[in-house]
1. Could you figure out which of (1) open to solvent by 40 Å² or more (accessible area, probe 1.4 Å); (2) polar (S, T, N, Q); (3) not in a loop (DSSP other than H, G, I, E, B) isn't true of Gln39?
2. Test of understanding: among Ile139, Ile122, Ile133, which residue is under 30 Å from Glu173 (Cα atoms), open to solvent by 20 Å² or more (accessible area, probe 1.4 Å) and β-branched (Val, Ile, Thr)?
3. Output the number of the condition that Gly14 fails; it satisfies all remaining conditions of (1) of a type outside the set (A, V, I, L, M, F, W, C); (2) surrounded by 13 or more Cβ atoms within 10 Å (Cβ to Cβ); (3) not in a loop (DSSP other than H, G, I, E, B).
4. From the residues in region 141-160 that are part of a loop (DSSP other than H, G, I, E, B) and in contact with a helix residue (DSSP H, G or I) (Cβ under 9 Å, 6 or more places away or on another chain), which one is nearest to His194 (Cα to Cα)?
5. Might you check whether a residue that is open to solvent by 30 Å² or more (accessible area, probe 1.4 Å), assigned to a helix (DSSP H, G or I) and touching a Phe, Trp or Tyr at 6+ places or on another chain (Cβ under 7 Å) occurs anywhere in region 104-119?
6. Please pick out the residue among Ile34, Ile75, Ile55, Ile51 that is part of a helix (DSSP H, G or I), of a type in the set (Val, Ile, Thr) and without any contact (Cβ under 8 Å) to a residue 24 or more places away in the chain.
7. Please enumerate the residues belonging to region 188-216 that are modelled with pLDDT under 85 and open to solvent by less than 90 Å² (accessible area, probe 1.4 Å).
8. Within the bounds of region 228-246, is there any residue that is open to solvent by less than 60 Å² (accessible area, probe 1.4 Å), touching a residue at least 24 places away in the same chain (Cβ under 8 Å) and in contact with a Leu (Cβ under 6 Å, 6 or more places away or on another chain)?
Amino acid sequence: MINAFITDLLTIKGQSKHTADAYRRDLRQFVKFIKQYYQDARWSTISADMIEHYIMTLESVGELPTTTNRKISAISALYRYLKRHGHDINNPAQFICRRKIAETIPNTIDPEQLRTAYANAIGSVKVMLGLLITTGIRIGEMLAIRWEDINPKDGTIIIHGKGNKERLVSVPERQMEEIRYAYPRQDPKGTLFHTSQFETRCMIYQALTPYCRAKQLSPHAIRHTFATEMAKAGESGPTIALALGHSNLKTTQHYINLAKAAEPCRCQYIKLN
């Protein structure tokens with residue numbers, strides 16, 4: 001049941017492998033809990049009270065609201081899947097209130113530190129860093145880039161975002177040159193990079209660590225930095241949302257709030273030349 005649902009998430013819903021893996025872990029954990037406390041329960045007999053019991057148990061051991069909300073979403077998504085596939089079943093998770101999440105400011109990296117990390121990187125890591133820093137795309141989106149998505153003439157790349165949504169991003173000439181130099185053109189439908197998300201995150205983290213100081217240093221912090229620099233440059237919320245592939249403007253507002261408290265931007269986003 002769970003495996004079929006995960007396959008549907010990936011192939012039909014267009015969710016990322018990262019999201020699908022998280023949902024798989026969440027649902028297996030939930031099943032383990034149900035078997036422990038409600039041995040005779042089935043998907044058709046699970047109630048909102050049982051799910052609330054599960055969430056409260058997680059909270060009692062310090063699970064964060066963001067994580068518990070994702071677990072509720074995973075259970076709810078499974079029930080919607082079952083309903084779509086002909087099961088006469090109600091969704092008890094729809095009655096569970098999402099936990100309130102404290103307002104947080106996105107973690108960013110000093111652009112000058114990013115420039116230093118980029119200048120000292122070599123090979124494919126340099127190409128990857130250049131793309132992440134100058135476009136703000138996600139690592140998963142970067143790894144999904146195919147040769148046919150790249151248009152070196154007008155300096156754009158088609159990005160395949162969450163939910164199979166496509167958007168066009170502009171890429172500086174220098175980064176386009178690095179792509180052409182480091183990766184001779186191959187099969188148009190083949191991907192540019194050939195590493196897993198885990199391997200790529202490790203490589204980027206290792207490239208950043210010696211030069212960057214951030215509260216939570218991570219490759220995704222590069223994306224936060226790009227968005228914040230856009231906001232500091234005066235770009236509107238919809239423009240930033242379009243560049244990042246956000247479907248919810250509320251997500252973008254974090255960067256605008258952060259920009260208001262920062263020094264004025266002295267450059268157009270983050271230039272690496």
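The values are calculated or read from the model by the stated rules, or taken from the named source; none is laboratory data. Bear in mind the structure is a predicted one, so any value in this text is a computation, not a measurement. Note: ideal-geometry Cβ built from the backbone for every residue, glycine included; neighbour counts use all protein chains shown. Quick note on the areas: whole protein, heavy atoms, side chains included, nothing else; ligands and nucleic acids left out. Shrake-Rupley method; radii C 1.70, N 1.55, O 1.52, S 1.80 Å.
1. Evaluating Gln39 over (1) open to solvent by 40 Å² or more (accessible area, probe 1.4 Å); (2) polar (S, T, N, Q); (3) not in a loop (DSSP other than H, G, I, E, B) leaves (3) as the failure.
2. On the way: Ile139 fails: open to solvent by 20 Å² or more (accessible area, probe 1.4 Å); Ile133 fails: open to solvent by 20 Å² or more (accessible area, probe 1.4 Å).
One residue alone meets the criteria, Ile122.
3. That leaves (3) as the condition not met.
4. Here is the first cut: in region 141-160, the ones part of a loop (DSSP other than H, G, I, E, B) are 144-145, 152-155.
The next check asks that each one be in contact with a helix residue (DSSP H, G or I) (Cβ under 9 Å, 6 or more places away or on another chain); those that pass are 145, 152, 155.
Details: Ile145: 10, Pro152: 20, Gly155: 22 Å.
Among them, the one singled out is Ile145.
5. Kept after step one, since they are open to solvent by 30 Å² or more (accessible area, probe 1.4 Å), are these residues of region 104-119: 104-105, 108, 110, 112, 115-116, 119.
Narrowing further to those that are assigned to a helix (DSSP H, G or I): 112, 115-116, 119.
From what is left, the residues that are touching a Phe, Trp or Tyr at 6+ places or on another chain (Cβ under 7 Å) are 116.
The answer is yes; a qualifying residue exists.
6. On the way: Ile75 fails: without any contact (Cβ under 8 Å) to a residue 24 or more places away in the chain; Ile55 fails: without any contact (Cβ under 8 Å) to a residue 24 or more places away in the chain; Ile51 fails: without any contact (Cβ under 8 Å) to a residue 24 or more places away in the chain.
Step by step, each of Ile34, Ile75, Ile55, Ile51 is checked, and only Ile34 is part of a helix (DSSP H, G or I), of a type in the set (Val, Ile, Thr) and without any contact (Cβ under 8 Å) to a residue 24 or more places away in the chain.
7. The initial filter retains those residues of region 188-216 that are modelled with pLDDT under 85, namely 188-190, 214-216.
Correct list: Pro188, Gly190, Ala214.
8. yes
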